[in-house]
Amino acid sequence: MNPQKKLHDWYLLHKRDLPFRKKKQAYPIWISEVMLQQTRVTAMLPLFEVFLERFPNPESLAKASEEEVLSYWKGLGYYSRARNIRKAAIQLVNQYNGAFPKDLEMVLKLPGIGNYTARAILSIAYDLPFAVLDGNVKRVLSRYFGYTKNILGPQADKELQNKADEFLNIEFPGDHNQAVMELGAIICLPETPKCLVCPLMEGCFARIHGKTKEIPIREKNQKQVDLIGEIWVIEKDQNYLLIKETKNRFLKGMFHLPYGFIGELPNEEYKPSEFQTFIRSEWKENQSIGKFKHTITHHRLEYYVHHVILKDTKKIESVLESFQMDSKWVKRAELESEFPSSLAKKVKKFLLY
Ligand code: SF4
C-alpha cells in the first residue's frame with residue numbers, strides 16, 4: 001500500500017470530530033483556518049462557534065462594523081487577521097456574490113489570505129489538488145523525506161512545498177492535507193514523535209536513521225526585540241480615553257489606550273506618534289501606578305501604566321481634533337470589549353476601584 005493511502009486510511013479512523021470539518025463549505029473553513037493560525041484548537045473552538053453564530057456567511061460579516069468584528073475576535077489576538085477577514089468578506093460579496101472563488105490566484109488576492117490558507121480552503125472545501133504547508137506539515141515532511149537543511153532558511157518553503165506537492169494524494173487532496181496536519185498535531189510531535197503508531201513509519205527517513213531529534217533543523221536568525229513602553233489611562237468621570245492610530249507598530253486601526261515606547265528604540269517603526277509625544281510632554285511628571293510584561297511575536301515588552309485624572313477634556317479634545325484622530329470615552333466595564341486585547345485586562349488590574 002502506498003504511503004498516501006496508509007495516511008488516508010489512518011486519517012479516516014483517527015480524525016478529530018471538529019465542527020469546521022463537518023461540512024465542506026469554504027466560508028467556515030476559511031474562518032477556522034485563519035483563527036487557527038496563531039491559536040490552539042481548544043482555545044479557538046468556543047470563539048469560532050460564537051463568531052459563526054453572529055457572522056454565518058460573508059454577507060453578514062461584510063455588513064458588520066470593524067469594531068464589532070474585532071470584539072468577536074477577542075481572545076484570539078493578532079487583530080489584523082480579523083480586520084482582513086472583514087475586508088475579504090466585503091470583496092467576496094462585491095466581486096463574487098458572496099461565493100468563494102475556486103481559482104488559487106483569485107483567492108490569493110483576497111486580503112489576509114496567504115498561500116497556506118488559500119490552499120487549505122480550496123483543497124478542503126472543493127477537493128482541488130493544492131498541497132498545504134504549515135509548521136506541522138513542514139515537520140512531518142522534513143522527517144519523512146529527510147530534509148536536512150534549515151527549515152527557516154530562504155529556500156526551505158519552496159523546497160518543502162515541492163515535496164508537499166509531490167506527496168499530495170490527488171484523489172483526496174482535502175483529506176490528505178488535513179491528514180498530514182493532523183499527523184503533525186497528534187503523532188509526529190516536535191519532542192517525542194510516536195513513530196510506532198505512525199502510518200508513515202515504514203518509509204520515514206528520520207525514524208529509520210534515528211534522527212527524529214535532529215530533524216527538522218530550525219536555526220533562528222530573528223532577533224528578540226526588548227522594548228520599554230508606557231500605556232496611559234486618561235480618565236474623566238470614570239470614563240477612559242481610547243484612540244485609534246493608523247501608523248503604530250502595534251494595534252493598528254483599532255481603538256486602544258494610548259501607548260508609546262521610550263528609551264533606545266530599534267528603528268523608526270517604534271518611534272512615538274505626535275499624540276504620544278503630546279501626552280508625554282503634558283504629563284511627564286506623572287508617576288506610574290504599576291508595570292507589567294507583555295509579549296507580541298518576537299517583541300518582549302515592559303509596560304509602565306500611567307493614570308491621569310482630568311478635570312475637563314477641553315484641551316485633550318482639541319489636540320485630538322487637531323491631529324484628526326478617532327477617539328472615544330468608554331466606561332470601565334466596557335474597557336475590554338471596546339479595546340479587545342489582553343493589554344486591556346492587564347491594565348485593568350491596576351485600576352483599583
Ligand atoms: S515515523 Fe515518526 S518521525 Fe516519521 S513521520 Fe511518523 S511520527 Fe514523524
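Which of the residues spanning segment 1-50 are part of a helix (DSSP H, G or I), among the aliphatic types (A, V, I, L, M) and open to solvent by 20 Å² or more (accessible area, probe 1.4 Å)? Lay out the reasoning, then the answer.
Keep residues of segment 1-50 that are part of a helix (DSSP H, G or I), which gives 3-14, 19-21, 26-36, 41-50.
Subsequent filtering for residues that are among the aliphatic types (A, V, I, L, M) retains 7, 12-13, 26, 29, 31, 34-36, 41, 43-45, 47, 50.
Scanning segment 1-50 gives Leu12, Leu13, Leu36, Val41, Ala43, Leu45, Leu47, Val50.
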* strands (runs of 3 or more DSSP E) contained in segment 199-285 and holding at least 3 residues more than 28 Å from the chain's Cα centre (by Cα) and of a type outside the set (S, T, N, Q) -> 225-236
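From the residues in segment 156-213 that are at negative phi and of a type in the set (Gly, Ala, Ser), which one is nearest to the ligand (Cβ to nearest atom)?
At the first step, the residues of segment 156-213 found to be at negative phi are 156-209, 211-213.
This time we only want the ones that are of a type in the set (Gly, Ala, Ser), so: 156, 164, 174, 179, 184-185, 203, 206.
On the way: Ala156: 18, Ala164: 14, Gly174: 20, Ala179: 12, Gly184: 8, Ala185: 11, Gly203: 9, Ala206: 5 Å.
Here the answer is Ala206.
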* Is it true that Ser288 is polar (S, T, N, Q), open to solvent by 30 Å² or more (accessible area, probe 1.4 Å), at pLDDT below 90 and over 23 Å from Arg86 (Cα atoms)? -> yes
* Residues (more than 16 Å from the ligand (Cβ to nearest atom) and either under 22 Å from Arg86 (Cβ atoms) or under 20 Å from the mean Cα position of the chain (by Cα) (or both)) located in segment 133-155 -> Leu152
* Test result for Asp157, more than 30 Å from His209 (Cβ to Cβ) and not aliphatic (A, V, I, L, M) -> no
* Structure fact -> Note on segment 128-143: residues open to solvent by less than 30 Å² (accessible area, probe 1.4 Å) and within 16 Å of Leu168 (Cβ to Cβ) are Ala131, Val132, Leu133, Val137, Val140, Leu141
* To do: Would you please list the contacts, defined by Cβ atoms under 6 Å and residues six or more apart or on different chains, that run from a residue in segment 267-278 that is on the phi < 0 side of the Ramachandran plot to a residue that is of a type outside the set (A, V, I, L, M, F, W, C) and open to solvent by 50 Å² or more (accessible area, probe 1.4 Å)?
  => Glu269/Arg249; Tyr270/Arg249
* To do: Take Ile113 and decide whether it is not in a helix (DSSP H, G or I) and not basic (Lys, Arg).
  => yes
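The values are calculated or read from the model by the stated rules, or taken from the named source; none is laboratory data. Computed from a predicted model, the values in this text were never measured in an experiment. Ideal geometry is used to build each Cβ from the backbone, glycine not excepted, and the neighbour counts take in all protein chains shown. Ligands, DNA and RNA are excluded from the accessible area calculation, which covers all protein heavy atoms including side chains. Shrake-Rupley method; radii C 1.70, N 1.55, O 1.52, S 1.80 Å.
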